[in-house]
1. Using alpha carbon coordinates only, what is the Rg to Rh ratio of the stretch 123-176, with Rh defined as the Kirkwood radius?
2. Suppose each label sits 7 Å from its Cα in the direction of the beta carbon; what would the Arg241-Val39 distance come out to in nanometres?
3. Taking a temperature of 10 °C and a viscosity of 1.306 mPa s, what whole-number D in µm²/s does Stokes-Einstein yield for the stretch 134-238 with Rh from Kirkwood over alpha carbon pairs?
4. Cα centroid distance between the stretch 105-122 and the stretch 182-244, in Å?
5. What number comes out for the charge environment of Trp171, summing +1 per Lys or Arg and -1 per Asp or Glu over other residues with Cβ under 14 Å away?
6. Taking the highest mean first, how do the peptides 89-97, 219-227 order by number of other beta carbon atoms within 10 angstrom per residue?
7. Run the dipole for the stretch 109-250 about the Cα centre, Lys and Arg Cβ at +1, Asp and Glu Cβ at -1, nothing else charged, and hand back the magnitude in debye, nearest 20.
8. Using a 10 Å cut-off on Cβ atoms, rank the peptides 192-199, 135-142 from the highest mean neighbour count down.
Amino acid sequence: MPSASQVRPRCFRRSARRERRALRGTPVGARPVAVLPVVGAGLVLLAAGVLAAGEILSARAARAERAQLGDGPTGAGPTGEGPRGESETFREVIVVLGYGNPGRRINAVNRWRVDVGLRSRDPRAARSLLVLAGGAVHGEISEAEHMARFARAERGYSGPLVLEDESVTTWQNVRNVLPLLEDADRIVLASDPLHSVRAEGFLRTLRPDLAARLAPAEGNRLGEQILRKPAFVVMGLEGLRRARRDGLLA
């Protein structure tokens with residue numbers, strides 16, 4: 001037969017447990033303090049894993065791009081003679097692909113893409129044309145106009161520049177700049193690696209002859225854009241998936 005203490009109502013037993021916790025200094029309903037450092041460490045490790053994955057996948061995309069394109073149509077650039085003659089006539093076109101830009105100021109992604117385009121130029125090219133592509137998708141000012149102002153005012157670019165400000169998708173970016181690529185010996189589509197890969201695939205679908213002149217963009221550097229790289233990778237992979245689904249990649 002159970003003793004009197006064993007048949008006490010549950011409410012009395014819960015009250016006794018609360019009293020014992022209070023005597024030990026543990027607030028009622030509080031979790032043990034030791035759990036907090038463990039949770040914090042787990043969150044730090046998770047964040048570090050996400051950032052590391054962004055770096056790794058971005059680097060893989062950049063390597064895949066270089067493997068597919070080689071070092072461009074003339075190796076590292078016009079060294080001596082290009083595919084159409086002497087280096088003095090070697091021409092390149094750098095197309096910077098815009099990113100959605102609401103507001104009246106250029107955002108960080110478009111600033112970075114302009115930098116990618118500018119550092120992707122070959123200093124030995126006789127003529128380097130900078131094409132900024134992107135319409136007014138998310139604001140009153142086109143992505144191309146935002147990037148042009150930044151290139152001129154903030155980066156001191158004074159060379160030839162053309163705006164393509166009608167496109168609202170990457171496919172349209174590539175299609176609309178085709179007339180500007182006809183006379184180019186070297187073509188670069190500048191963005192983050194996976195976005196460049198997709199744009200290069202579109203060029204192969206639209207104009208395989210021009211795609212043979214592609215050279216890789218300098219869109220991946222260790223630690224650069226590290227907080228955004230995971231998002232770039234997710235958007236890039238999804239963009240490639242949709243492009244394959246829609247039959248836009250050759």
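FYI, it's all coordinate maths here, none of it is from the lab. Since the model is a prediction, treat every value here as computed from it, not as a measurement. Positions of Cβ are backbone-derived with ideal geometry, glycine not excepted, and every protein chain shown enters the neighbour counts.
1. On the Cα set of the stretch 123-176, Rg over Rh gives 1.02.
2. Placing both labels 7 Å beyond Cα along the Cβ direction yields 3.1 nm.
3. Roughly 106 µm²/s, to the nearest whole number.
4. 14 Å
5. Around Trp171, the surrounding residues sum to +3.
6. On the way: 89-97: 24.7, 219-227: 15.4.
Averaged packing, sorted descending, gives the order 89-97, 219-227.
7. Numbers: 22 positive and 19 negative charges, 94 e Å.
So the magnitude is around 460 debye.
8. 192-199, 135-142
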